[in-house]
Amino acid sequence: MRKVNITETVLRDANQSLIATRLTYEQFAPILEELDQAGYYSLEVWGGATFDSCLRYLNEDPWERLKKIKDKAAKTPLQMLLRGQNLLGYKHYPDDVVREFIKMAVSYGMDIIRIFDALNDLRNIEVAMDETIKQGAHAQGALVYTVSPIHDVKNFETLAKQLEEMGAHSICIKDMGGLIMPQVAYDLVKNVKNAVKVPVYLHTHCTNGLAEMSCLKAVEAGADGIDCAISSFSSGSSQPPTETMHFALENAGYTTGLAHTTLQNINDFFKPVREEFIASGVMDPKVLTPQPEALSYQIPGGMLSNMISQLKAQNAIDKLDAVLNEVPRVREDLGYPPLVTPMSQMVGTQATANVLTGERYKVVLKEIIAYFRGEYGKIPGKFNEEVAKKALRSKQPLTTRYADTLEPAFEKTKEALKDLTTRDEDVLSYLSFPQVAEAFIKNRNKEAAEG
Ligand code: CO
């Protein structure tokens, strides 16, 4: 019987997708031992928005959280999501900061680091992957799935091969928009499996109602694992339900290694937690149902709802159709970036500006200017030279990787913060989210002084 690895996302992606990453450590601490006993391949518990949310909303030190999770769940590998050169934020960091951050994360017990870049520019993944490997952790290279005229199975297959050559211990097909069709999932996994020797994983979302089908097809094509969320934190914009996928896969002749009675205990634990979040209004029932209208526009659901609220705020919802027609044109001008954060917001906002001002690129977003300069990475396809010229004006595009233009920052920042803290962990928190981290550290110092 072929084993299908299951990664449980309840503490990271499900938490992020359904309740804006508001789970506190105290809320999930009592179930960590059971999560550790269930037989998961890994527990995704850190990275993504968890770090920012801990500091900003939960008054928790993200490093302490990781340590406490590791103490209670020592057996199952812990997994995190990292945006390559952006670490957990949206700007690029110099290489020394990327290396220090990964070193620290591994020393705190991180076992598997899933590394991606929004533009699939492998230069933005290289340093993070190299350091992960050096630290003896599992480096999972992720390719961002998107739908466009330049992104085909061949293109993703090439990326997967390159990730393997860079040393990736496994490959993840990462579909944050939940746009991958079951048949595409099948073809893509089949081709990537043929192209590489390392295990291949599929990460998708139920946003458009496709994920269970796509995960099953991916497994049929030979995928080594999929990401699931315990049922009370599954579906909608989250992952497929763990228990359902477990039963379906076992019925089809695969083994997951999961103990279903333990899964039931885990779900019984999370049911009232979910009810609390619904009662407090943090969990919006709207994110619980599939929203397949995004499929007809080939854009992620989150992007669609963002544009609708932007237009409503400007009293221009009657322009929605015009903006929806403009989105693919802007994306084409930009050389088909994957529509994921931050590109989805950039493309959506520029398209809205193009429509509302009545003239295309009359106003060019400063992020679009930076994009054409190469500050986000290499532009995936052929872009519109005219638009690029208009955006750049006299500015010159970069000839190197953006991070190469940045000065080392770790030691300098450590020195600058020495009156506030002597902990390297704090320096890394500060580098990631300066204002929130500073407020957090000051507050902690104050509480300590007051005893
Ligand atoms: Co995700």
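The values are calculated or read from the model by the stated rules, or taken from the named source; none is laboratory data. Since the model is a prediction, treat every value here as computed from it, not as a measurement. Cβ coordinates were reconstructed from backbone atoms using ideal geometry, including for glycine residues, and neighbour counts include every protein chain displayed. Ligands, DNA and RNA are excluded from the accessible area calculation, which covers all protein heavy atoms including side chains. Shrake-Rupley method; radii C 1.70, N 1.55, O 1.52, S 1.80 Å.
Any of LYS319/LYS366; LYS366/LYS442; LYS3/LYS174; LYS68/LYS217; LYS174/LYS395 with alpha carbons more than 25 Å apart? Name them for me. Write out the running numbers ahead of the final one.
On the way: LYS319/LYS366 23 Å; LYS366/LYS442 33 Å; LYS3/LYS174 21 Å; LYS68/LYS217 37 Å; LYS174/LYS395 34 Å.
Table pairs above 25 Å Cα-Cα are LYS366/LYS442; LYS68/LYS217; LYS174/LYS395.
How much of the accessible area of the chain, in percent, comes from carbon and sulfur atoms when a 1.4 Å probe is used? After summing per-atom areas, the C and S share lands at 51 percent. Note on LYS134 and GLU250: their simple-model spin labels are 4.4 nm apart, each label 7 Å out from Cα toward Cβ. Charged side chains reduced to their Cβ positions (Lys and Arg at +1, Asp and Glu at -1) give segment 409-450 a dipole of some 60 debye around its Cα centre.
Could you let me know the centre-to-centre spacing of segment 126-149 and segment 171-197, using Cα atoms, in angstrom? That distance is 16 Å. With the cut-off at under 12 Å, measuring from each backbone N in segment 55-88 to a point 7 Å along the Cα-to-Cβ line of ALA29 picks out 65, 68-69, 72. Between LYS197 and LEU398, full extension at 0.36 nm per residue minus the direct alpha carbon distance yields a gain of 68.9 nm.
Just how large is the dipole of the chain about the Cα centre, in debye to the nearest 20, putting +1 at every Lys and Arg Cβ and -1 at every Asp and Glu Cβ?
Working: 50 positive and 59 negative charges, 189 e Å.
Dipole size: approximately 900 debye.
From the protein chains alone at 1.4 Å, what is the descending order of accessible area for TYR90, TYR41, TYR25, largest first? List each step's numbers first, then the result.
Numbers: TYR90 135, TYR41 55, TYR25 15 Å².
Heavy-atom accessible area, descending, gives TYR90, TYR41, TYR25.
Spin-label pair GLN183-ILE308: with each label point 7 Å from Cα along the Cα-Cβ axis, the two points sit 2.9 nm from one another.
Take the alpha carbon gyration tensor of segment 74-114, find the square roots of its eigenvalues, order them as a ≥ b ≥ c, and report rounded if a/c is under 1.5; if not, report prolate when a/b exceeds b/c, else oblate. Because a/c hits 1.5 or more and a/b fails to exceed b/c, segment 74-114 counts as oblate.
Taking a ≥ b ≥ c as the square roots of the eigenvalues of the Cα gyration tensor of the chain, is the shape rounded (a/c under 1.5), prolate (a/b larger than b/c) or oblate?
Numbers: a/c = 1.38, a/b = 1.12, b/c = 1.23.
Judged from the Cα gyration tensor, the chain comes out rounded (a/c under 1.5).
Each of TYR402, ASN384, GLY374 was scored by the projection of its Cα onto the charge dipole of segment 373-433, and the greatest displacement toward the positive side belongs to ASN384; charges sit on the C-beta of Lys, Arg, Asp and Glu. Here the spin labels are modelled as points 7 Å beyond Cα on the Cα-Cβ line, and at GLU275 and GLU375 they lie 4.9 nm apart.
Please work out the FRET efficiency for the pair THR357 and ARG423, using the Cβ-Cβ distance as r and a Förster radius of 56 Å; give the result to the nearest 0.05. Rounded to the nearest 0.05, the efficiency is 0.70. Using a 7 Å offset from Cα along Cα-Cβ at GLU450, what residues in segment 417-431 end up with backbone N under 20 Å from the label point? Counting backbone N atoms under 20 Å from the label point, the list is 420-421.
Taking every DSSP helix (H) stretch of at least 4 residues in the chain, weighting each as -39,500 (n - 2.57) and dividing the sum by the residue count yields a mean residue ellipticity at 222 nm of -14500 deg cm²/dmol.
Considering the options MET80, SER42, ALA316, tell which one lies farthest towards the positive end of the dipole of the chain, charges being +1 on Lys and Arg and -1 on Asp and Glu at the Cβ, about the Cα centre. Projecting each Cα onto the dipole axis, the largest value belongs to ALA316.
Roughly speaking, what is the stretch gain from ARG329 to GLU386, that is 0.36 nm per residue apart minus the C-alpha to C-alpha distance, in nm to one decimal? 19.2 nm is the gain from fully extending ARG329 to GLU386. Using a probe of 1.4 angstrom and keeping all protein chains present, the accessible surface of the chain works out to 41 square angstrom per residue.
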